[in-house]
Amino acid sequence: MADINDWQWLSDRHARRRPPFRIFDNVSYVGLDWVSCYVIETRDGLVLIDALYPPFTDILLENLRQLDLDPEAIGWVVVTHGHWDHAAGARALQQRFGARVVMSAADWDLIAEQPGPGPTGFTPADEDLVLDDGETLTAGETTFTFHLTPGHTLGTLSVEFPVRDGDRTWRALTYGGVGLNFTGAQRLQSYMESVRRIRQRGPFHVNLANHPGMGKLFQRADQLRQRAPGAPHPFVDEAALSAWLQTRLQAAAEALNTQESGRPAVPAPDTSTGEKGSGPWPGRLR
Ligand SMILES: [Zn+2]
């Protein structure tokens, strides 16, 4: 089992790499085996959701090229939260391609406080676009709606956007931060409040999770490859997304109970989010 200190595991270029694949007409997966990166194609350029981390920036660019997408067309990078595995790659994309980087105000502050050198320390992107709850970003024909969902970090930003499958359009959600790798009753309550608010703002049809294990991403990708003509799209699963959000509420409630009963405040393990073969969940900063 790897952890945050197992940099060899985290940076193993061969083991962490996954072939990129198309999910919807406008969305593809260009991330690693344990942390996601999605690319959304728009008439005004490419939008990335999350930025991975060095040394994987060049693999991200190779993945785009494999899908016949030009990295020069990267216009925006939406960073769901300020932990290194989602945020550390943003600076290179900002500097090489002039990509606009989107984060919440609280998580811009978070990445500004990065500890610096060390396996998971990083140089943050220069502060750029600040998006708040309910605000939108429009790229070409596609509008992204942001939902502030504090808990995992104080400024976790969840992203809603339309995904196209032929003549059908569905509402996809990338929930911005899931792990309960923090302590404190107030923060747990804030986490639960965020999940409840997202459930109220649904229904969302597609779970494009920022760690692939949480949305059974590779399992669904296998189903997608074998999809018969006219069959339902395996990523469109409103019930599974809703049930998964419910498991997050339960896990947070259990962690809260543990704390309030005076037992040691150990964060609840995240077993409910795992997918066999998706890799371990390193450390407290994921
Ligand atoms: Zn995280």
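Sorting check: for 78-91, 147-160, which peptide has the highest mean count of neighbouring beta carbons within 10 Å, and how do the rest follow? Could the numbers behind the result be given before it?
Working: 78-91: 27.2, 147-160: 23.6.
Output ranking for 78-91, 147-160: 78-91, 147-160.
For region 46-73, the residues whose amide N sits under 18 Å from a probe point set 7 Å from the Cα of residue 25 along the beta carbon direction are 46-47. If you take the Cα centroid of region 178-197 and the Cα centroid of region 29-70, the two points sit 29 Å apart.
Its Cα centre serving as origin, the chain has a Cβ charge dipole (Lys and Arg +1, Asp and Glu -1) of approximately 760 debye.
Potential lengthening of the chain between residue 222 and residue 15 amounts to 72.6 nm, from the contour at 0.36 nm per residue minus the alpha-carbon distance. On full extension, the segment bounded by residue 105 and residue 136 gains 9.7 nm, given 0.36 nm per residue less the C-alpha separation.
Overall, the anisotropy analysis places the chain in the rounded class: the square-rooted eigenvalues a ≥ b ≥ c of its C-alpha gyration tensor yield a/c less than 1.5.
No value in this document is a laboratory result; all are computed from the given coordinates. Keep in mind the model is a prediction, meaning the values are calculated, not measured. All Cβ positions, even for glycine, are placed from backbone atoms using ideal geometry, and neighbour counts span all protein chains on display.
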